[in-house]
Every structure is written in structure tokens, then in C-alpha cells.
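Below is one structure, written out as C-alpha cells, with a few remarks after it.
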Amino acid sequence: MKTIMQFNEIKIEEIKKIALDAGKAIMEVYNRDFDVEFKDDNSPLTEADKLSNEIICSSLEKIYPEIPIMSEENKQVEYEERKDWEYYWCIDPIDGTKEFIKKNGEFTVNIALIYKDKPILGVVYAPVLEDLYWAKESEGAFKNDQKLPIKENKTPEEKLFVVASKSHLSKETQDFIDKLDTKKIEQLSKGSSLKLCMVAEGIADIYPRMSATMEWDTAAADAIVRVSGKMTYQYDKDIPLVYNKEDLLNPWFIVK
């Protein structure tokens with residue numbers, strides 16, 4: 001890509017609009033009957049996933065043709081080619097397709113900009129909840145125009161708010177939660193990338209994930225976490241999650 005392109009040339013308002021447009025199309029499917037297919041890995045796929053992917057990818061290609069795109073719903077580019085990417089978009093057109101199918105509203109549109117191996121811009125939109133999270137390095141992190149974090153737990157030794165997956169709570173994650181060093185634990189449950197956003201927002205203190213996720217599941221919300229002053233750490237290591245790895249599967253991680 002052109003090395004001339006500066007990060008400050010990326011307009012967060014344009015990315016927010018793309019997420020809102022995708023969300024509108026998703027809601028038209030959500031509010032009627034729809035079919036569910038299953039991919040090779042047995043994960044569900046709906047026409048809303050495809051529609052959202054088409055809107056996001058075509059919009060980004062039009063506005064920023066020089067920046068490559070990685071999306072859950074696209075054929076993945078070989079590592080030999082993508083390892084040299086300086087910037088790229090990392091997209092999950094619908095994170096929480098299981099929540100979408102259950103119609104519980106806890107699914108999101110996710111668009112991230114990665115610089116080398118680090119998320120530096122992210123937009124997460126929950127169309128049913130009408131919550132829009134976004135962040136850009138140097139501009140701050142926000143939820144519906146409120147700067148993040150909104151809340152702060154001043155007594156974590158007394159009570160810790162822990163969020164875990166609604167559809168993928170593993171035994172290892174529950175064991176980790178049960179061993180946390182605090183007098184009282186309030187365990188919250190949420191679908192999709194909203195869990196990372198809850199830590200960025202300050203509703204939750206910690207989100208442990210000891211089960212499989214892919215880079216596009218976390219990238220956009222991880223940018224929001226980092227710009228809000230929190231971090232997504234690799235489990236058992238004091239180092240951040242990294243992106244554009246040869247294997248796009250995330251290691252276990254803890255957001256705090």
C-alpha cells in the first residue's frame with residue numbers, strides 16, 4: 001500500500017457510517033424470518049452476515065482502496081502476502097451470529113483498522129441496542145458520544161464485576177473466575193464483542209476468555225479497550241494480544 005497514507009487521513013465518522021449502514025441492513029433481516037446455513041467449521045451463517053459483509057467491504061474499498069481487507073466472511077489471504085501489510089481492515093460483519101439467531105439483540109458489527117499487529121481504530125455497533133462504540137488512537141474512545149470509561153470500580157478488592165460469554169463459557173474460564181482474589185464476584189453474561197466493550201466502558205472490571213476466538217472476533221472492540229486505557233492481555237503472559245499472525249486463532253486472553 002502507499003506509505004504516504006497517514007493514519008490521521010482515516011475519518012472515524014466514515015467508518016461509523018459504514019457500521020450503521022450495515023446495521024440497518026442486518027435489522028431488515030432480523031425483523032423477519034430467515035434461513036440459517038452452516039459453514040465448514042459448523043458455525044452458523046445467515047443472509048444478514050453476507051449482506052453486512054458486502055456493505056462493509058464495498059464501502060471500505062471505495063473510500064480506502066489502498067488498504068487491504070480481512071473479513072471472517074472472505075477467503076483468507078495467504079500469510080506470505082499479508083505478513084507485509086502495514087495497515088489492514090479486520091472485519092466481523094456480525095459477531096454473535098448465535099445471538100442474532102436467538103434474537104436476543106446481543107450481536108455486533110465490527111470494523112477495526114490494524115497497524116502491523118496492533119488495533120488502532122475500532123467501531124462496534126449493536127443495532128438492536130442502538131449502542132455505537134468507537135475509538136481512534138489520538139482521538140479517544142466513546143460510547144454514543146460519551147467518553148470511555150464511563151464508570152470506575154474504586155473498590156475491586158471488595159467486589160469485582162466479571163463478564164463472561166453467554167454462548168461459549170468454558171470450564172477453564174469459570175475456574176479462573178472462581179479463583180479471583182476479591183471478597184465478592186458479580187458475574188455478568190453477554191454475547192459477542194460487547195464483553196470487551198463493557199470493560200472499556202467500566203461496567204465490567206475483567207473479561208477472561210479461555211476458549212476459541214478468531215482475530216476478527218476481538219479486533220474492533222480491542223481497539224476500543226486499548227484507547228479507553230485498558231488492555232487485552234494474552235493469558236498467563238503480561239503481553240498484549242497481537243494480530244495478523246500466521247494462525248488467525250487468538251490465544252486465551254484476559255481484558256482488564
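Below are the figures for this structure:
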read-out: Global geometry of segment 148-244, whether rounded, prolate or oblate, following the gyration tensor of its Cα atoms and the 1.5 cut on a/c; value: oblate
read-out: Angle in degrees between helix 215-227 and the longest Cα principal axis of the chain, rounded to the nearest 10; value: 70
read-out: Loop trypsin sites (Lys or Arg not before Pro), segment 80-177 (other Cβ atoms within 10 Å of the site Cβ: 14 or fewer; DSSP); value: Lys83, Lys103, Lys116, Lys151, Lys154
read-out: Full-stretch length increase - Asn42, Lys147 - with 0.36 nm per residue and alpha-carbon distance subtracted; value: 34.0 nm
read-out: Cα long-axis angle, helix 12-30 against the chain (0 to 90 degrees, to the nearest 10); value: 80
read-out: Ser58 versus Lys237: modelled label distance in nm, points set 7 Å from Cα along the beta carbon direction; value: 4.0
read-out: Potential lengthening between Lys245 and Lys75 on full extension [0.36 nm per residue; Cα-Cα distance subtracted]; value: 59.6 nm
read-out: Over 23 Å between alpha carbons, listed pairs Lys83/Lys256; Lys17/Lys143; Lys24/Lys50; Lys154/Lys256; value: Lys83/Lys256
read-out: Relative contact order (percent, whole number), the chain, Cα cutoff 8 Å, 6+ residue spacing; value: 17
read-out: Rounded accessible area per residue of the chain, 1.4 Å, Å²; value: 48
read-out: Carbon/sulfur fraction of accessible area - segment 69-114, other protein chains in place, 1.4 Å, %; value: 43
read-out: Cα-projected label distance for Thr182 with Glu66, points at 7 Å along beta-carbon direction, nm; value: 4.5
read-out: GluC sites (Glu not before Pro) restricted to segment 82-183 and DSSP loop, no more than 16 other C-beta within 10 Å; value: Glu86, Glu130, Glu139, Glu152, Glu157, Glu158
read-out: Using alpha-carbon coordinates, inclination of helix 47-63 to the longest axis of the chain, degrees; value: 60
read-out: Within the chain, helix-based [θ] at 222 nm, where runs of 4 or more DSSP H residues each add -39,500 (n - 2.57), nearest 500; value: -9000 deg cm²/dmol
read-out: Counting DSSP beta bridges with both ends in the chain, the antiparallel % (nearest 5); value: 75
read-out: Dipole magnitude of segment 1-134 about its Cα centre (Cβ charges: Lys, Arg +1; Asp, Glu -1), debye to nearest 20; value: 340
read-out: Separation of alpha-carbon centers, segment 209-256 and segment 169-207, rounded to whole Å; value: 15
read-out: Long-range HN-HN contacts of Ser71 with modeled amide H, under 5 Å; value: Ile91
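The values are calculated or read from the model by the stated rules, or taken from the named source; none is laboratory data. Predicted, not measured: the structure shown is a model, and the values here were computed from it. Here Cβ is always computed from backbone atoms with ideal geometry, including for glycine, and neighbour counts include all displayed protein chains. All accessible areas refer to the heavy atoms of the entire protein, side chains included, with ligands and DNA or RNA removed. Shrake-Rupley method; radii C 1.70, N 1.55, O 1.52, S 1.80 Å.
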